[in-house]
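The values are calculated or read from the model by the stated rules, or taken from the named source; none is laboratory data. Here the structure is a predicted model, which means the values were calculated and not measured. Cβ placement follows ideal geometry from the backbone for every residue including glycine, while neighbour counts extend to all protein chains displayed. Protein only, heavy atoms only, side chains kept; ligands, DNA and RNA dropped before computing areas. Shrake-Rupley method; radii C 1.70, N 1.55, O 1.52, S 1.80 Å.
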Amino acid sequence: PAMAALAALLPAQTQLEYALLDAEAAAQKEELVYQYLRKVDGLQRDLTVPELGRDLQWLNTEGPISLHEDLSGKVVVLDFFTYCCINCLHLLPDLHALEHQYSDKDGLVIVGVHSAKFPNERVLDNIKSAVLRYNIAHPVVNDADATLWHELEVSCWPTLVILGPRGNILFSLVGEGHKEKLFLFISVTLKFYKERGQIKDNRIGIKLYRDSLPPSPLQFPGKVTVDNSGERLVIADTGHHRILVTRKNGQILHTIGGPNRGRRDGRFSEAAFNSPLGIAIKNNVIYVADTENHLIRKIDLDSELVSTVAGVGIQGVDREGGAKGEQQPISSPWDVVFGNSVSGSQEDDVLWIAMAGTHQIWALMLEDGKLPKGSDLKKGVCLRFAGSGNEENRNNAYPHKAGFAQPSGLSLASEDPWNCLFVADSESSTVRTVSLKDGAVKHLVGGERDPLNLFAFGDVDGAGINVKLQHPLGVTWDKKRKLLYVADSYNHKIKVVDPKMKNCATLAGTGEASNVTASSFTESTFNEPGGLCIEESGRLMYVADTNNHQIKVLDLETKILSTALPILNPKPSDVPDHQSVQSDKTANLPKLPKSSPNIQLPSLTVTPGQTIQFLLKLTLPPDAKLNEEAPNSWFITAEGKLFWLLPGQCVSGGIKDVSCQTLIPFQLPSSCLSTEAILAIKACLYYCSKGSSACMMKGISFSQPLQIANTNQGSLTQVELTYTF
């Protein structure tokens with residue numbers, strides 16, 4: 001039977017792994033894997049993987065896929081994952097890189113097998129959200145009852161199982177951090193079976209789930225915070241990889257980064273983040289947990305610059321720290337909150353960090369100072385404060401002996417008798433406290449007494465250890481009422497905890513994942529809320545209702561929940577800088593490469609209401625062909641204070657074919673606010689040179705000055721835009 005398949009392979013694979021450790025040269029390693037494949041492939045009977053049930057739900061595909069029929073002739077990587085496990089997320093970049101190197105035509109297919117851990121994760125919608133949020137482009141099957149997982153006796157997440165072209169099991173890799181081995185196994189396996197003529201180059205029908213969705217102003221907002229005045233909100237618009245600063249009414253003041261993931265410091269318009277989550281604001285400075293870049297970033301609203309203050313941009317494994325921030329590797333920081341050092345003369349001179357990737361609480365020193373029970377530290381140092389780094393639910397009077405499990409939310413109660421950090425410890429489904437006197441880590445609510453049992457979750461109100469939560473991601477302290485609010489994410493509720501009595505009760509949400517805005521808290525619903533904050537006055541609470549792509553507002557005095565905060569684009573009168581005027585339209589337009597030429601066209605005299613037809617004729621270099629998969633497009637922008645030129649116009653479109661011209665109609669508004677204007681018509685093309693595998697992105701910009709006169713001209717003017725790359 002298959003059940004013992006992985007176990008049956010283990011002795012042979014273990015032997016191979018030991019031999020690989022001794023091997024120096026790449027050729028030697030390849031030869032070892034090759035010999036191993038000869039042995040496993042030549043077994044009397046294949047160790048095969050059982051077929052997936054026909055009735056399972058698939059994402060990113062045109063329909064169900066059969067492992068033995070559709071995937072015969074392919075080397076298949078089965079990625080057993082669950083969307084909340086941080087190690088599974090750490091593996092995704094390796095799989096992205098692998099898919100980049102080998103396609104289904106080369107004979108490789110990756111299939112994500114989502115095997116649930118929390119009951120909430122069985123819901124297909126949550127998996128859909130995860131597929132979008134983490135940009136997963138390979139087929140994913142929802143194995144809701146973990147049938148395959150049990151059949152193969154997989155023991156933990158993430159586990160990769162590599163299959164040969166007959167559905168025969170060849171290798172398994174458990175945990176994260178095996179990129180080199182994964183690439184070695186795949187390259188040799190493809191070569192081995194190609195030589196034997198067993199690899200097929202047919203395509204697998206991929207239909208990306210993300211292509212079927214309407215756009216929304218926020219995408220998976222993970223955290224929200226409010227400044228001391230209560231007048232400005234900061235939103236981590238995680239899925240758009242940007243930070244928004246808005247007024248209380250939702251009007252955008254600043255858009256920083258986005259809409260694509262990246263890693264760049266500099267001006268707001270060019271900065272880039274990768275799934276940012278936690279944010280903390282003081283005066284005009286914001287600190288950001290730039291989670292998937294493994295960085296802490298600093299946003300200065302006065303100079304409008306973004307810089308990096310901790311992390312090196314790749315996932316760290318160091319569990320102690322102590323280096324200067326920008327030299328100190330860190331791992332998946334999830335939340336940040338200001339705090340005070342013991343000796344410091346300044347308020348808010350420490351940034352506390354929930355370091356989910358190493359299951360710890362860290363500190364970044366914003367000034368010279370001391371941490372509780374610690375020695376003097378210099379400004380800029382970043383180090384571990386609590387947590388051994390083992391993933392457990394272990395409370396201990398010594399902070400370094402305590403254990404957390406993916407801590408994902410922080411809030412500070414600096415006043416006595418609390419003087420502690422509250423921690424939403426997601427994988428243990430608990431809320432814990434870390435004393436700021438001596439670092440002692442204590443239990444507040446949720447979980448159970450065995451520090452190694454991370455499966456004690458549920459949805460039970462009550463006191464202390466009898467309380468059950470499910471993957472809470474956020475906490476916020478209400479100074480006025482001396483209460484703690486918890487985003488009980490996988491229960492889709494907001495809970496309220498009285499730390500004095502250790503009581504926990506449901507404040508809002510029904511437990512159903514949906515988007516109902518009722519007048520009463522308990523009839524309203526959320527979908528995996530990831531963060532929350534409360535204004536200084538204690539009146540309004542803002543909730544990042546992550547999978548509903550909204551910020552919800554709860555009035556704690558009237559007990560009325562209002563709809564999501566509308567994200568309004570700034571009104572012209574409110575805008576000091578022209579950059580953000582078009583933040584709505586231009587946010588999703590591609591940026592042209594810096595080297596793109598700008599062609600000045602002769603000035604054109606036009607009248608209000610008239611239509612200009614631009615004829616775009618672009619010619620590629622002789623040996624190049626347009627990459628049709630890529631988003632080749634044209635778009636029109638108006639420079640400076642000319643936002644009135646583009647109301648309600650279609651400002652962008654696709655370019656499917658360069659052999660014929662693209663027609664771009666543009667109608668002037670019937671009332672014009674000035675007599676002169678400049679339109680920029682830009683095009684962005686992706687093409688590949690036939691001889692090489694290199695593809696480039698090239699841009700071209702045409703500048704069209706307009707003189708607007710009230711003379712009666714013809715109704716239509718044509719302008720040719722020609723350029724040869």
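Taking the range 497-524 as the range and being in a strand (DSSP E or B), in contact with a Gly (Cβ under 9 Å, 6 or more places away or on another chain) and either aliphatic (A, V, I, L, M) or open to solvent by 60 Å² or more (accessible area, probe 1.4 Å) (or both) as the test, the residues that pass are 503, 505. Just checking, how many residues over the range 448-469 are at pLDDT below 95 and crowded, with 21+ Cβ neighbours inside 10 Å? Total satisfying the criteria: 2.
Residues in the range 616-628 that are among the acidic types (Asp, Glu) and either touching a Gly at 6+ places or on another chain (Cβ under 9 Å) or without any contact (Cβ under 8 Å) to a residue 24 or more places away in the chain (or both): 623 alone.
Quick one: which of 69, 51 is farther than 23 Å from residue 135 by Cα, open to solvent by 30 Å² or more (accessible area, probe 1.4 Å), in the same structural domain as residue 138 (by the TED database) and touching a residue at least 12 places away in the same chain (Cβ under 8 Å)? Unique residue meeting the criteria: 51. Within the range 481-489, does at least one residue satisfy the condition of being open to solvent by 40 Å² or more (accessible area, probe 1.4 Å), outside any strand (DSSP E or B) and either in contact (Cβ under 8 Å) with a residue 12 or more places away in the chain or under 15 Å from residue 532 (Cα atoms) (or both)? Yes; the residues of the range 481-489 include at least one that is open to solvent by 40 Å² or more (accessible area, probe 1.4 Å), outside any strand (DSSP E or B) and either in contact (Cβ under 8 Å) with a residue 12 or more places away in the chain or under 15 Å from residue 532 (Cα atoms) (or both).
Looking at this structure, is residue 224 in contact (Cβ under 8 Å) with a residue 24 or more places away in the chain, buried (at least 18 other Cβ atoms within 10 Å of the Cβ) and within 23 Å of residue 290 (Cα to Cα)? Lay out the reasoning, then the answer.
Numbers: in contact (Cβ under 8 Å) with a residue 24 or more places away in the chain: yes; buried (at least 18 other Cβ atoms within 10 Å of the Cβ): yes; within 23 Å of residue 290 (Cα to Cα): yes.
Criteria met by residue 224.
Scan the range 474-486 and give yes if some residue there is over 25 Å from residue 280 (Cα atoms) and not small (Gly, Ala, Ser), otherwise no.
No, the range 474-486 has no match at all.
Comparison of 125, 106 shows that the only residue that is open to solvent by 30 Å² or more (accessible area, probe 1.4 Å), in a helix (DSSP H, G or I) and either in contact (Cβ under 8 Å) with a residue 24 or more places away in the chain or in contact with a His (Cβ under 7 Å, 6 or more places away or on another chain) (or both) is 125.
When residue 321 is tested against (1) within 24 Å of residue 268 (Cα to Cα); (2) crowded, with 19+ Cβ neighbours inside 10 Å, exactly one condition is not met: (1). Only one of the numbered conditions (1) of a type in the set (A, V, I, L, M, F, W, C); (2) in a loop (DSSP other than H, G, I, E, B); (3) open to solvent by less than 10 Å² (accessible area, probe 1.4 Å) is not met by residue 342, and that is (3). Residue 84 fails exactly one of the following numbered conditions: (1) modelled with pLDDT under 90; (2) open to solvent by 30 Å² or more (accessible area, probe 1.4 Å); (3) not basic (Lys, Arg). What is the number of that condition? Of the numbered conditions (1) modelled with pLDDT under 90; (2) open to solvent by 30 Å² or more (accessible area, probe 1.4 Å); (3) not basic (Lys, Arg), the odd one out for residue 84 is (2). Applying the set (1) at pLDDT below 70; (2) not in a loop (DSSP other than H, G, I, E, B) to residue 649 leaves exactly one unmet item: (2).
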